[in-house]
1. Taking the condition within 13 Å of the ligand (Cβ to nearest atom) and of a type outside the set (Gly, Ala, Ser), does Leu117 pass?
2. Taking the residues in the range 360-384 that are part of a loop (DSSP other than H, G, I, E, B) and buried (at least 18 other Cβ atoms within 10 Å of the Cβ) as candidates, determine which candidate is farthest from the chain's Cα centre (by Cα).
3. Filtering the range 274-321 down to residues that are in contact (Cβ under 8 Å) with a residue 40 or more places away in the chain and surrounded by fewer than 17 Cβ atoms within 10 Å (Cβ to Cβ), which residue is nearest to Ala139 (Cα to Cα)?
4. Do we have Val34 as at pLDDT 95 or above, within 6 Å of the ligand (Cβ to nearest atom) and either of a type in the set (D, E, K, R) or in a strand (DSSP E or B) (or both) here?
5. Can you go through Arg401, Arg433, Arg387 and tell me which one is touching a Lys or Arg at 6+ places or on another chain (Cβ under 7 Å) and surrounded by fewer than 18 Cβ atoms within 10 Å (Cβ to Cβ)?
6. With within 16 Å of the ligand (Cβ to nearest atom) and farther than 18 Å from Ala415 by Cα as the only criterion, which of Ala70, Ala81, Ala42, Ala53 stands out?
7. Would you check if Ala188 is over 26 Å from Arg322 (Cα atoms) and buried (at least 22 other Cβ atoms within 10 Å of the Cβ)?
8. For the range 225-245, enumerate the residues that are surrounded by fewer than 19 Cβ atoms within 10 Å (Cβ to Cβ) and not basic (Lys, Arg).
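The values are calculated or read from the model by the stated rules, or taken from the named source; none is laboratory data. Every value quoted in this text rests on a predicted model; they were computed, and no experiment measured them. Cβ atoms come from the backbone with ideal geometry, glycine included; neighbour counts cover every protein chain shown.
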Amino acid sequence: MAEREFDVVVVGGGPAGEVLAGRVAGGGLETVLVENHLIGGACSYYACMPSKALLRPAELLVEVGRVPGATEAVTGNLDVAAVLARRDEVVHDLDDERQVDWLEDRGITPVRGWGQLDGERTVRVGDDTLVARRAVVIATGSSPTIPPIEGLADVDPWDNRDATTAKQAPASLLVLGGGFAGVELAQAWRTLGSEVTIIEAMDRLLSPEEPFASEQVEAGLRELGVDVRTGAKASAVRAANGGVTVEIEGGEALTAEQLLVAVGRTPNTNDIGLESAGVEPGERGFLEVDDQLRVGGSEWLYAIGDVNGRVLLTHMNKYQARIAAEHILGKDVAATEDRHAIPRVVFTEPQVAAVGRTLADAKEDGINARAVDVSTAGTAGASFTGRNSPGTSRLVVDEDRRVLVGATFVGPETAEWVHAATIAVVGEVPLERLWHAVPSFPTRSEVWLYLLEEYGL
Ligand SMILES: Cc1cc2nc3c(=O)[nH]c(=O)nc-3n(C[C@H](O)[C@H](O)[C@H](O)COP(=O)(O)OP(=O)(O)OC[C@H]3O[C@@H](n4cnc5c(N)ncnc54)[C@H](O)[C@@H]3O)c2cc1C
């Protein structure tokens, strides 16, 4: 049994843990990172990266179909084996050697194993004890939630790991959950050859987003041949003829070769020794933190990323990691933008790229909000990209302060647009000033001009 001292002990090597470790080590602190599986976490191997690798080839084909001249040149179908091979390349065949090199290049000590708190400032990994002079950071992430639906656990459904690592498309796939992970994976496997049905209990897909985003994504999925069932509550699941049957409240039953469960995430807070530090998880098991990412105002215990439940997205996890790292390094910082300025992109066809509040969120927060909408395809730039494509763009304006509090762009390849809106929201740029930010001609960014004109500027 060995005891070693470090300045910072990080438990969990997903995007949150890695970024924090890199930053505190860069600030001169002796750092150890404990990881039980793959350094890089869910995002690199079983979530963000493989799902986009599965979606991108078909997205390109749709885009080529809108560009005369190029359309005629593409005559074949998607090469499924090549798409899956590229996906494997993107996830480095589930080998984290490069990530280990990244840590070691920064002087961070990687430790393989299950980390558990063992009292104040102490983490146990098997027989090893790691003592933190300055901070312990919990970055253990989250796991798929398996809802308590009768029979569900017995059929051993796919979760995001299975759905991002599968070696062939199932003939048919039921997707339980129409959030961003559900719709992306539904689209991916549909374009790779599966018959896909989405079962969503709410009355629309992507329910936290603007209603028009839900409608336009649903229409896009239907056009690809995905069967979308909204307002459909699964009541029971059972094995059937080598496949799975999901019973829907009201009597209908749907059967497919495979079932994917994508209904939310549960924080990884079990069996990590929280009780030894006197910590009790909060609502739904997430660790409650303050704006410095400290657990219960502790002087030494931090929780960043999915495990604190503030935002379950990699980029915001990495934002929290930077804030917590700076705080550990002694700076006076606070996470201010991981509640109302969260950018998010759904990589469907059309894409949804949004930041900040929807109109409904803004009104619920008591903001005197007004929305302006234009067609995403209404610019000269759209003649070349996204020609005849669906999509609405919206700005949500705080009328009292005359600043943006939200924006949503639905359309093909709008993902890269959202950062401009994030800058406007976070920077609280006055609309009168924003009007002087001139988009190039002929780019699709001229949608900003039309939105501001629609507003009356
Ligand atoms: C299908 C899907 C697609 C997604 N796509 C996107 C996207 O496009 N963009 C985006 O921003 N977000 C996306 N997300 C969300 C994103 O994957 C997560 O928000 C992100 O991975 C969370 O990072 P994290 O560092 O908090 O945790 P994780 O990535 O979950 O990493 C936690 C790590 O801790 C390790 N660990 C856990 N407990 C212990 C322990 N006791 N000891 C040692 N190690 C431990 C785990 O093995 C894991 O490697 C997606 C999620 C899903 C499911």
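1. Criteria met by Leu117.
2. In this case the residue turns out to be Thr379.
3. Only one residue tops the list, namely Asp291.
4. yes
5. None of the others qualify; the one that does is Arg387.
6. Checking each option against the conditions leaves just Ala42.
7. The answer is yes for Ala188.
8. Gly225, Asp227, Thr230, Gly231, Ser235, Ala236, Ala239, Ala240, Asn241, Gly242, Gly243, Thr245
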